[in-house]
Amino acid sequence: MRAALRMRPDRIVVGEVRGGEALDMLQALNTGHDGSLSTVHANGPTDALIRAETLALLAGVGLPLPAIRAQIAAAIDAVVHVTRGEGGERRVESIAEVARSRGGAPATHPLFERCGGPLNPVDAPEREARAPGHSITEAWASC
């Protein structure tokens with residue numbers, strides 16, 4: 001992560017975050033690298049945020065948990081939960097936006113969920129788009 005950041009990329013794509021590099025990824029996302037992407041193993045969107053917290057704590061730099069939670073809430077816009085079926089095919093199970101809760105910790109707000117059939121809209125996004133003209137609200141409204 002640190003070597004990639006020295007190249008001043010517009011986008012960062014990390015295959016899987018498994019350790020303390022999660023903190024580097026969060027810091028990169030909070031310093032103007034919007035549109036970046038990473039994967040983490042978890043059982044759903046809320047669990048993905050909890051796992052990101054745990055992995056960031058593994059960096060061992062002594063940041064308090066509230067600071068890491070604030071970084072996650074500011075850095076991550078959405079979580080896409082993908083599962084693998086019995087035949088090995090992958091499919092999107094849910095999409096949730098990430099917003100700050102009253103205490104400042106990250107919280108998920110479901111936008112789309114699969115309930116035995118197709119992926120269906122659940123609720124409209126609460127966050128404003130970071131870039132003008134790139135609102136998920138317009139995409140959601142067309143479903």
Q | Only listed residue being at pLDDT below 90 and either within 16 Å of the chain's Cα centre (by Cα) or assigned to a strand (DSSP E or B) (or both), chosen from GLU93, GLU128 | A | GLU128
Q.
For the range 1-39, give me each residue that is small (Gly, Ala, Ser) and within 12 Å of the chain's Cα centre (by Cα).
A. ALA22, GLY35, SER36, SER38
Q) Any idea which residue in the range 77-129 is farthest from ASN43 (Cα to Cα), counting only those that are aliphatic (A, V, I, L, M) and loosely packed, with under 13 Cβ neighbours inside 10 Å? A) ALA124
Q.
Can you pull out every residue in the range 73-95 that is more than 18 Å from LEU26 (Cβ to Cβ) and of a type outside the set (Asp, Glu)?
A. HIS81, VAL82, THR83, ARG84, GLY85, GLY87, GLY88, ARG90, ARG91, VAL92, SER94, ILE95
Q. So which pairs qualify, if the first residue must be in the range 61-77 and over 27 Å from ALA129 (Cα atoms) and in contact (Cβ under 8 Å) with a residue 12 or more places away in the chain, the second must be open to solvent by less than 60 Å² (accessible area, probe 1.4 Å) and small (Gly, Ala, Ser), the Cβ gap must be under 8 Å, and the two must be at least 6 apart or on different chains?
A. LEU63/ALA56
**Q.** Number of the condition not met by THR31 [criteria: (1) open to solvent by 40 Å² or more (accessible area, probe 1.4 Å); (2) outside any loop (DSSP other than H, G, I, E, B); (3) under 26 Å from ALA129 (Cβ atoms); (4) of a type outside the set (A, V, I, L, M)]
**A.** (2)
Q.
Restricting to the range 96-125, name every residue that is touching a strand residue (DSSP E or B) at 6+ places or on another chain (Cβ under 8 Å), part of a loop (DSSP other than H, G, I, E, B) and closer than 25 Å to THR31 by Cβ.
A. SER101, PRO125
(Q) From the list ALA74, ALA56, ALA42, exactly one residue is within 14 Å of the chain's Cα centre (by Cα) and either buried (at least 18 other Cβ atoms within 10 Å of the Cβ) or part of a strand (DSSP E or B) (or both). Which is it? (A) ALA56
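The values are calculated or read from the model by the stated rules, or taken from the named source; none is laboratory data. Remember, predicted model here, so these are calculated numbers, not experimental data. FYI the Cβ positions are ideal-geometry reconstructions off the backbone, even for glycines, and counts take in every protein chain you see. These area figures cover heavy atoms from the full protein model, side chains too; ligands, DNA and RNA do not enter into them. Shrake-Rupley method; radii C 1.70, N 1.55, O 1.52, S 1.80 Å.
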